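A.B. asks: Here it is: the structure, laid out below.
The values are calculated or read from the model by the stated rules, or taken from the named source; none is laboratory data. Keep in mind the model is a prediction, meaning the values are calculated, not measured. In this analysis, Cβ positions are derived from the backbone assuming ideal geometry, glycine residues included, and neighbour counts consider all displayed protein chains. Ligands, DNA and RNA are excluded from the accessible area calculation, which covers all protein heavy atoms including side chains. Shrake-Rupley method; radii C 1.70, N 1.55, O 1.52, S 1.80 Å.
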Amino acid sequence: MEERDCDAIHVSSGGLHPTQKIPLGPSYQVPLARAVKSAVNIPVIAVGLISDFEHAEAIVGTGDADLIALARAILYDPRWPWHAAAELGGRVRVPSNIFGPNRAL
């Protein structure tokens, strides 16, 4: 994938067949992302019941993955990234058409 100029690898075990026995729980896909990350030199995206701000930050902070893909968390809270930034001490710059002239949150 690197040789074909892939920008990143999104890692999932799939869960597409009824005979797969995949234990579900927070971070259940992260070990797979960690294994792929150790073998490649492009960014790796982790998934798998990651919904807590600190949990996502820890996965990236420990180097298990470069990015976190959020599905259910974003469906539940579309402003999850803003809330995470506020909780973790970051700032978010939003487009002016949302809150006025280029306001930072």
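A.B. asks: Under 7 Å between Cβ atoms, which residue pairs at least 6 apart in sequence (or on different chains) link something in the stretch 30-59 that is more than 18 Å from Arg72 (Cβ to Cβ) with a partner that is assigned to a strand (DSSP E or B) and open to solvent by 30 Å² or more (accessible area, probe 1.4 Å)?
C.D. replies: Pro43/Leu67
A.B. asks: Right, another one. Please go through (1) open to solvent by less than 50 Å² (accessible area, probe 1.4 Å); (2) over 30 Å from Pro95 (Cα atoms); (3) in contact with an Asp or Glu (Cβ under 9 Å, 6 or more places away or on another chain) for Gly15 and return the number of the only condition it doesn't satisfy.
C.D. replies: (3)
Yes or no, residue by residue, for (1) polar (S, T, N, Q); (2) open to solvent by 60 Å² or more (accessible area, probe 1.4 Å); (3) under 20 Å from Glu87 (Cβ atoms):
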{"position": "Ile22", "(1), (2), (3)": "no, no, no"}
{"position": "Asn41", "(1), (2), (3)": "yes, yes, no"}
{"position": "Val44", "(1), (2), (3)": "no, no, no"}
{"position": "Ser51", "(1), (2), (3)": "yes, yes, yes"}
{"position": "Ala58", "(1), (2), (3)": "no, no, yes"}
{"position": "Thr62", "(1), (2), (3)": "yes, yes, yes"}
{"position": "Ile74", "(1), (2), (3)": "no, no, yes"}
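A.B. asks: Among helices (runs of 4 or more DSSP H) lying entirely in the chain, which contain 2 or more residues that are modelled with pLDDT of 95 or more? So that I can check it myself, show each step before the final result.
C.D. replies: Numbers: elements: 30-37, 53-61, 72-76, 80-87, 96-99.
The helices (runs of 4 or more DSSP H) meeting that bar are 30-37, 53-61.
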